[in-house]
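Presented below is the structure to which this report refers.
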Amino acid sequence: MKRFALLLCSLLFAGGLFAQAQSPQRFGDLIVYHNTFNSSYLQPDIAAQAGLTRGPTHGVLNLLVQKKTDDGPVPVDARVDGTVTNLLQQSTPLRFIRIQEGEAVYFLANYTAAQRGLLRFELTIQESEGAPVHTVRFQQEFHPDD
C-alpha cells in the first residue's frame, strides 16, 4: 500500500508529461490540490488496490485537501462530491474513493471520455459537517490512449 500512496502522491505533485497538474485553489486556510491523468499510467495492481478502472477511455481525478496551520499544512478528511461534463453537456457524477495512508488523506475518482475533448469538472468540498461548501471548477483536455 505504501508503494500505491507514493505513486499517487508523485502523480499529484509531478509536473511530468502525464500528470496534468493544476494550481492549488485556496479558500481561506483550506488548500485544494487536484490533477487528472490517463488511467493507463497506473500499474494494474495499483489500480485494482484503489478500486479504479484502467482503460484507454478512462481518466483519474486525484484530489488532496489540506488546511494551513501554524505548524504547516495538515490533511483534511473532507466531504467531496463532483461531476464531469463533456462538450455535449453530458454530465456524469464522480464517485470518489477515499484513500488514507498514514496521516495523508486523498480522494480519487474515475471518469470516462470516448474521444478527445475538453472536460469540465465541478467539485464541491466541505471541510466538515456544518462548514462552508466550496466549489472548485476547472477544465481539462482529455486524450484517450490509442
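The values are calculated or read from the model by the stated rules, or taken from the named source; none is laboratory data. Note that the structure is predicted; figures quoted are calculated from it, not measured. Reconstructed Cβ throughout: ideal geometry from the backbone, glycine too, with neighbour counts over all protein chains shown.
Every listed requirement among (1) in contact with a Lys or Arg (Cβ under 9 Å, 6 or more places away or on another chain); (2) assigned to a loop (DSSP other than H, G, I, E, B) is met by residue 130 save one, (1). For residue 141, the requirement of being out of contact with any helix residue (DSSP H, G or I) (no Cβ under 8 Å at 6 or more places or on another chain), more than 16 Å from residue 75 (Cα to Cα) and modelled with pLDDT under 95 is met. Please indicate, with yes or no, whether at least one residue in the range 48-71 is crowded, with 19+ Cβ neighbours inside 10 Å, at pLDDT below 95, small (Gly, Ala, Ser) and in contact with a Lys or Arg (Cβ under 9 Å, 6 or more places away or on another chain). No, the conditions are met nowhere in the range 48-71.
Here is the figure for the range 104-127: residues that are part of a loop (DSSP other than H, G, I, E, B), more than 17 Å from residue 78 (Cα to Cα) and not aliphatic (A, V, I, L, M) total 2. Criterion applied to 72, 59 was being small (Gly, Ala, Ser) and at positive phi, and the one residue passing it is 72.
Within the set 95, 26, the sole residue that is of a type in the set (Lys, Arg), loosely packed, with under 15 Cβ neighbours inside 10 Å and not in a loop (DSSP other than H, G, I, E, B) turns out to be 26. Looking across the range 134-146, the residues that are in contact (Cβ under 8 Å) with a residue 40 or more places away in the chain and more than 16 Å from residue 112 (Cα to Cα) come down to 134, 136, 138.
Taken as a whole, the condition of being surrounded by fewer than 17 Cβ atoms within 10 Å (Cβ to Cβ), closer than 23 Å to residue 40 by Cα and basic (Lys, Arg) applies to residue 120.
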